[in-house]
Every structure is written in structure tokens, then in C-alpha cells.
1. Taking only pairs six or more apart or across chains, which ones have beta-carbon atoms under 7 Å, a first residue in the range 1-20 that is among the polar types (S, T, N, Q), and a second residue that is surrounded by 12 or more Cβ atoms within 10 Å (Cβ to Cβ)?
2. Within the range 72-114, which residues are closer than 20 Å to R6 by Cα, basic (K, R) and within 16 Å of the ligand (Cβ to nearest atom)?
3. Take the residues of the range 117-128 that are surrounded by fewer than 13 Cβ atoms within 10 Å (Cβ to Cβ) and in a loop (DSSP other than H, G, I, E, B): which is farthest from the ligand (Cβ to nearest atom)?
4. I'm told K62 meets every condition in (1) surrounded by fewer than 16 Cβ atoms within 10 Å (Cβ to Cβ); (2) modelled with pLDDT under 95 except one. Can you identify the failing condition by its number?
Amino acid sequence: MEILIRVMEEKDLPKVQDLWRLVNIELTYSDKYEELVKMINHNPGLCLVLENPSNREDILKKDILGAVLGGFDGRRGWIHHLAIHPSIQGKKYGTLMMDELIRIFLERNVVKLKLEVFKSNKEIIDFYKKLGWNHRTDLSTMSLTLKE
Ligand SMILES: CC(C)(COP(=O)(O)OP(=O)(O)OC[C@H]1O[C@@H](n2cnc3c(N)ncnc32)[C@H](O)[C@@H]1OP(=O)(O)O)[C@@H](O)C(=O)NCCC(=O)NCCS
């Protein structure tokens, strides 16, 4: 299959949200359309989609088959919501998207990357371990909700 990884655009967001729903990624306030627009504008070139370019001529048929959000906070690069369409999972497209995002982070001199995995999705840790990530058991995540 012909595939293309490109930068996520505002017009992709409804399909990206659909993909996340399909793969059971829990959508929160931060995944509302306006919040995602904030994310992609704040992190130009770091949020990516995977699509089949043979559908490119017809915008309505164009399918988003993969998505990932990258963000840089000035110290760490963050990766959120990596998703690959179930019909093409297990064919290394997830690895390809991670490799591409890491290449972009490296190009920007980002020295360390982080991501979080819900405990309910802990089998996914093996996927990241295969890509060379460390599972940090010495850290706990804390959060403070300012708006929802
Ligand atoms: C996780 C996900 C992105 C992986 O993408 P993918 O294209 O299917 O994965 P790949 O084909 O690149 O897999 C690379 C390796 O990881 C393994 N792997 C993939 N998904 C895995 C999983 N859920 N659990 C354990 N190992 C997994 C593969 O078997 C493969 O191993 P190998 O190199 O020994 O053959 C995809 O399965 C997905 O969208 N899952 C649902 C959404 C999700 O949970 N996202 C993570 C949010 S933190």
C-alpha cells in the first residue's frame, strides 16, 4: 500500500478524532476541535497523519490511517495519541510514524522525549520498549485541571 506521512492540518481533525475513537483512545477536553487546533498551531510540524495518497484527489474519500501528536515544551518533547487504523495495525506503520516524529524532534535538537500510557493500556508498553523507550517506574504523573 502506498502511504504518506505528512503534517496534520486543521481539516484533518474530524477524521483524526474518528480514528482515535475507533482505536479506543479516550478523548478528553484537550481533544475537542478547538483545543486540537491550539495544539497543531503551537507545535508546527510536530503533529502528523498517515494517509493513503492514492485517495488524494477526492478530499472526502481521503482516509486518515494514522495519527500522532507531538509537542515541545522547551525542555522535553511529548508524544500523545499515536494511533494506527485497525485494518493496517501490525504492519510497522506505528513504528514508521514514531521514527518520523523522532527524526523531526532530532532535527530540532530536542534532547529527550516523554509519553504517558494509561495503566488500562499497559500492554502497549511492549510496543514502545521494542522501539527503545524506557519504562520509568520511578515516576508518578500528577495533573491539575484548569478548564473542562
Ligand atoms: C500501538 C499502535 C500504534 C502500534 O502500531 P502498529 O503499526 O500496529 O505497530 P507496529 O506494527 O509498528 O509494531 C511494532 C512492534 O510492536 C509490537 N506491537 C504492536 N502493537 C502492540 C501491542 N498493542 N502490544 C504489544 N506489542 C505490540 C508488534 O508486534 C511489533 O513487534 P515486532 O517488531 O516484534 O514484530 C497501534 O496498535 C494502535 O493504534 N493501537 C491503539 C491505540 C493505542 O493504544 N495507542 C497508544 C496510545 S499510548
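The values are calculated or read from the model by the stated rules, or taken from the named source; none is laboratory data. Model, not experiment: these values are computed from the prediction. Don't worry about glycine lacking a Cβ; one is built from the backbone with ideal geometry, like all the others, and counts go over all protein chains shown.
1. Q17/L27; Q17/D31
2. If the condition is that a residue be closer than 20 Å to R6 by Cα, basic (K, R) and within 16 Å of the ligand (Cβ to nearest atom), then K91, K92, R103 are the ones that fit.
3. The extreme case among them is K122.
4. Going through the list (1) surrounded by fewer than 16 Cβ atoms within 10 Å (Cβ to Cβ); (2) modelled with pLDDT under 95, K62 breaks only (1).
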